[in-house]
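Below you'll find the structure, written out as structure tokens, and then a few comments.
Read the figures in this text as sums done on the coordinates, not as results from a lab. Everything numeric in this text was worked out from a predicted model, so none of it was measured. Backbone-built Cβ (ideal geometry, glycine too); neighbour counts: all protein chains shown.
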Amino acid sequence: MSETWTTAVAGAAAGLGVAMPLGAVGVLLIQEGMRERRGAVAAAAAVAVVDMAYAAVATALGPLVASVLSGVEAWVRLVSAAVLMVIAVRGLWASRRAVDAAATTATTAAGSGGAVRTFTRFAALTLVNPTTALYFAALTTAQGAALSGGTAGAVFVAGVFAASFVWQQVLVAVSGFAGSRIGARARAWTFRVGYGLVAVYAVKVALPLP
């Protein structure tokens, strides 16, 4: 039982390690939380599911995942950066309408259409980020034999999902609470700053060029 608990805690720590640093997806998640609660909950779940999927693949394949991604990492980063830059540019363009930006920016930039489409959109955004895959590949490779058993691997992946899911849901809850208490013009500026950060992050992801 103690080994299982230790593995679960290690998985939870790994999940928080990849979820807590606020990158482009985190910024978009906060904006979704300020805009619409149901979609934000679905978006947070999508990010956690992709984290779990990457952890599962890395646990099962470990060194193979690292070796495959290492050869094409730069090109995957460029695709990810291009997607993020498109989102940022469209969001900043829409945010020129200051009063209505809080309601329209995320819709125009990322597309509308309910919880299912929001889930799909955020899952895709998380999937194109190679950092998560490399993070788990390196981590599980380092763990080695500790995760070689089926039970240990499953417990580790469950810990990753639980920690990531809770953190993402807390993030959207806090952003939703804050978003309901500030005016439309202030919310518009949060969207502008947020999409500006996404653009900066896109450049950071793209460099160095292959």
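If R0 is 25 Å, the Cβ-Cβ spacing of LEU207 and ALA13 corresponds to a FRET efficiency of close to 0.30. Charge tally around VAL83: other residues with Cβ under 13 Å, Lys/Arg +1 each, Asp/Glu -1 each, net +3. Within the shell of other residues whose beta carbon sits under 15 angstrom from the beta carbon of ALA124, the net charge comes to 0, with Lys and Arg scored +1 and Asp and Glu -1. Between ARG181 and ALA115, residue separation times 0.36 nm minus the direct Cα-Cα distance comes to 21.4 nm.
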